[in-house]
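Since every read-out is calculated from the coordinates, none of them should be taken as a lab result. Because the structure is a prediction, the values reported are computed rather than measured. Positions of Cβ are backbone-derived with ideal geometry, glycine not excepted, and every protein chain shown enters the neighbour counts.
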Amino acid sequence: MYFISYILLSVALMARTSMGQPPEAFMHGEGSSMGGGPPPGAFMNAHEPQAVDLSLVKEEFDRCNSEIIDVHLHDAFWFNSADPLLEEMKLSHVSRGLMLSVYGPIANPFSGDPNEVTESIVNGSNGRIFGLASLNTTIPDWENHGEQELERLATFLAKKPGFVGGKVAAPHTCLPLNSDIMRDVVRTISESPSPVVFLHIGTTPFCGPMGEQVFGRPACCGPEFVDPTYLEDLIQKFTDTTFILVHAGADFLPPNSEHFYHGENVDKSVMLAETYDNVYLEISAFLRQGPNGTDVYTEGTHILDKIADAGLASKTIYGSDVNHAPHAIGSYLATTLDKFIAAGFDEEERCMMFSGNAIKAFGLELGETEAPQPPMDSEEHGEEDNGNHVEEASGLDDVADYLSSSGAGMFMTNVASNIAMALAPFAFVLF
Ligand SMILES: [Zn+2]
């Protein structure tokens, strides 16, 4: 049953944007009617695309040595090669990015091996996209097959410079942070040429009925899956390994949830980043805004205040986690810049968070001979790179990266839109 839900949801996610419409068509006002798909408003929670002015982002980009790095990108249905993503990054003033491999509790039937999918995007990116390798910790017989999975992780971690760390999503995969498996994973990453552990910290909307529908069971949001202090032993043991606490412990469940932590996991994440040299915070997803510029997670802005109060600009890394749908990277970036300024971060601190800290933590320094190739020239689209690109925020909210996959939507047509309309309320943050 869950598989059927999963297929339908996949179809919905794939069909909610107009297939075949080039991203740039949306970005400059030509595609505001959702292209060949159903008109805006057809979806139950769709909203009119919202114009986002990126001129301040462009100024910031120039000030930060033309480097804004988004460390939280996913494979998604709207591209099956690096080029469309690179084009959107360029229009959004994002110089480089990291793509996460995701192994969920059930395999995505539309996609290949996640590490291999990531690798193909990395290899096609002219040095602009790096990968975070992962493994499947939800296999039934870890005792006998765990070694194979650790080997899978190690194999991709060895692919320097394309892969720069390992990614784990403990609540989605119900993997306790203090478990033997987690220790094996961290050890494998620590012994690799890329000793960086990128961990989802905090809850996920999949702890609840949504998880039931997609995974066949809810994800796990008890303390041992989401409380970063459960990692403290590993942080102390593997001092040469960098731990990046993704989402900084944010609550992605509502206050009436049994797993609402009142920001406690944020406080603990901040404490760990203050205490340990090898701990960083990552700030993706929780600054997301809905229609009319309202914050989806009301505590999101408060998290930035906590980081500012703790003086942790040098330990905080920018990421978006929004490219599940096209046209979302720039708007999240613009929102973040506004909120950085409101939280009192100065120009130097903002550049650290937008790129300097990521370069340091992931070892993304450019050698003189290995500068990335210039990104695709947007001239062919008749644009001037004047910094005044207006990106339209996607009519989609965050979409499940677990469900979306490279090329998955290419054979789907707008016929699927009818199903999509029925299922459109599914929109959420993942991994
Ligand atoms: Zn993500």
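Of note:
- Which of E299, E59 has the fewest Cβ neighbours within 10 Å, and the rest in rising order: E59, E299
- Region 47-367 - convex hull of the alpha-carbon atoms, volume per residue in Å³: 128 Å³
- In region 47-367, Cα pairs under 8 Å separated by at least six residues give a relative contact order of 18 percent.
- Along region 152-167 the Karplus relation, 6.51 cos²θ - 1.76 cosθ + 1.60 evaluated at θ = phi - 60°, assigns HN-Hα couplings of 4, 4, 4, 4, 7, 4, 6, 7, 6, x, x, 9, 10, x, x, 10 Hz to successive residues, with x for each Gly and Pro.
- Partners for K167 among lysines (Cα-Cα distance below 23 Å; same-chain residues under 8 apart left out): K159, K237, K268, K315, K360
- The residues T118, T138, T298, when put in order of fewest to most other Cβ atoms within 10 Å, stand as T298, T138, T118.
- N178-E59 pseudo-label distance in nm [points 7 Å out on the Cα-to-Cβ vector]: 4.9 nm
- Computed from the Cβ-Cβ distance with R0 of 35 Å, the FRET efficiency linking D277 to D305 stands at 0.90.
- Cβ-defined net charge surrounding V71, 10 Å radius [Lys, Arg +1; Asp, Glu -1]: -2
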